[in-house]
Amino acid sequence: MSLYSFIKQRYDRVNDFFIETLMSEIKTPYDRIGGESAVRKLCQTFYQVMCDTPQTQLIRAMHPEEIGLSEEKLYLFLTGWLGGPPIYTDKYGHPRLRKRHMPFPIGIEERDQWLYCMAQALKSMGLDELFSQQLMGSFVQTADFMRNKPNEE
């Protein structure tokens, strides 16, 4: 065996070990937020804010009086969206978020009310500030994509 082959073989094993170790340490947002119980808490707080805040009654009115099913669907969706088990898609199929929200007129005001509820829920979680900002950035993009009212910028 040449010296090159010997060194390459050792390097490859060390490199493989390093990559395996690194990959095992990378956590999904689902893991970083705290898994199932934390995602449930986020969804509960989100809907609690929605129900208790006078300024968010426009979007509250779009939901059924009994909010439990909406909360559960948000939990199922966010679990997979954050990198956890795909329990929403297992139960309901592809989310098709925009299509599923088309029956509801969503404009800038509705988007901003939804984002307010999510921002308050995230604040209550006590997450790392940078991680919370990253999540909020993703929520902003998704919420803006849901807008379907004509003639709104």
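Read-outs: derived from the displayed coordinates by stated rules, not from any lab. Since we're looking at a predicted model, the values are computed, not measured. Cβ atoms come from the backbone with ideal geometry, glycine included; neighbour counts cover every protein chain shown.
Here is a list of conditions, (1) closer than 21 Å to Pro54 by Cβ; (2) in a helix (DSSP H, G or I), and Ser138 meets all of them except one; can you say which number that is?
Just one mismatch for Ser138, condition (1).
Report, by residue number, each residue of segment 45-69 that is of a type in the set (S, T, N, Q) and surrounded by fewer than 17 Cβ atoms within 10 Å (Cβ to Cβ).
Across segment 45-69, the qualifying residues are Gln48, Thr53, Gln55, Gln57.
Take Lys91 and decide whether it is of a type in the set (D, E, K, R) and in contact with a helix residue (DSSP H, G or I) (Cβ under 7 Å, 6 or more places away or on another chain).
Yes; evaluated as a whole, the condition is true for this residue.
Can you tell me which residue in segment 73-131 is nearest to Gln141 (Cα to Cα), limited to those that are buried (at least 16 other Cβ atoms within 10 Å of the Cβ) and among the basic types (Lys, Arg)?
Among those residues, the one meeting the criterion is Arg111.
Within segment 69-99, which residues are among the small types (Gly, Ala, Ser), more than 22 Å from Asp112 (Cα to Cα) and in a helix (DSSP H, G or I)?
Gly80, the sole residue that qualifies.
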